[in-house]
Amino acid sequence: MHIPNLDYDCFVAAKKAQHEHQEDWLKTGYAPKGFYLKDFCLIRAENEWHLFHIAGTPGVSCCLPGNEIWFGHATTSDFCKWTTHLPCFYIDPKSWDCGHVFAPYVIENNGRYWMFYTGCAIENTQRIGVAVSDNLFDWQRVSSEPVVRPDEYGWAFCPKTNGAACRDPHVSRVGNKFVMYYTAVTKEGRACVAA
């Protein structure tokens, strides 16, 4: 799939350069070479830690088209040496999450991995979507529609343009059920955690 505004050659060159030059990540922190890292999650699978994160261009606003349009993926077994993998998830230029993707959160259930994420339209309207994977490398959306839409809740702030606070999903198991909680804003303008 062709993603507009993604400088793929730049990413591949940066990935190669990073592989050739491992730093002491405990002193400097891990970030994909040439990009910044935000809103991350870690999940352990088969003696390796998988890091999923927003990746963006330093010095460029996260709200500008073409920035924060894919999730980075890296693995480590010791938090000293990291392997940077190809981006694992992109915006869908023809869908509700055509502008940006933020805040991946991955859980495992019955051998399958579930990624909850914030998707934004070009005008920055935020929703929450879900993708699944059997191997943590290949992700597919479970639906062409978001699973959480603030416009479905009478209490939620949800303008048609210039944003809506429906982001940063997290999921926890409570007994036999799963509960999603996320950042939201009420119609009165109060920040809150919704579930």
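I'd like the full set of residues that are buried (at least 18 other Cβ atoms within 10 Å of the Cβ), within 15 Å of VAL101 (Cα to Cα) and either touching a helix residue (DSSP H, G or I) at 6+ places or on another chain (Cβ under 8 Å) or not hydrophobic (A, V, I, L, M, F, W, C) (or both), limited to the stretch 118-158.
THR118, GLY119, THR125, GLN126, ARG127, GLY129, ARG141, PRO146, listed by residue number.
Given the conditions (1) part of a strand (DSSP E or B); (2) surrounded by fewer than 21 Cβ atoms within 10 Å (Cβ to Cβ), report the number of the one that CYS98 does not fulfil.
With (1) part of a strand (DSSP E or B); (2) surrounded by fewer than 21 Cβ atoms within 10 Å (Cβ to Cβ) applied to CYS98, the lone miss is (1).
Across the stretch 135-153, what is the number of residues that are without any contact (Cβ under 8 Å) to a residue 60 or more places away in the chain and part of a loop (DSSP other than H, G, I, E, B)?
Of the residues in the stretch 135-153, 11 are without any contact (Cβ under 8 Å) to a residue 60 or more places away in the chain and part of a loop (DSSP other than H, G, I, E, B).
Please specify each residue of the stretch 159-170 satisfying the condition of being of a type outside the set (Asp, Glu), surrounded by 17 or more Cβ atoms within 10 Å (Cβ to Cβ) and assigned to a strand (DSSP E or B).
CYS166, ARG167, PRO169
Within the stretch 43-68, restricting attention to residues that are surrounded by 13 or more Cβ atoms within 10 Å (Cβ to Cβ) and without any contact (Cβ under 8 Å) to a residue 24 or more places away in the chain, which residue is farthest from CYS120 (Cα to Cα)?
THR57
May I ask you to list the residues in the stretch 51-90 that are hydroxyl-bearing (Ser, Thr, Tyr) and outside any strand (DSSP E or B)?
The answer is THR57, SER61, SER77.
Among the residues of the stretch 179-187, is there at least one that is modelled with pLDDT of 95 or more, of a type in the set (A, V, I, L, M, F, W, C) and surrounded by 13 or more Cβ atoms within 10 Å (Cβ to Cβ)?
Checked the stretch 179-187: at least one residue is modelled with pLDDT of 95 or more, of a type in the set (A, V, I, L, M, F, W, C) and surrounded by 13 or more Cβ atoms within 10 Å (Cβ to Cβ).
Considering every residue within the stretch 92-108, establish whether at least one is free of Cβ contacts under 8 Å to residues at least 24 places away in the same chain and within 19 Å of LEU64 (Cα to Cα).
yes
The values are calculated or read from the model by the stated rules, or taken from the named source; none is laboratory data. The structure displayed is predicted, hence computed values, not measured ones. Ideal geometry is used to build each Cβ from the backbone, glycine not excepted, and the neighbour counts take in all protein chains shown.
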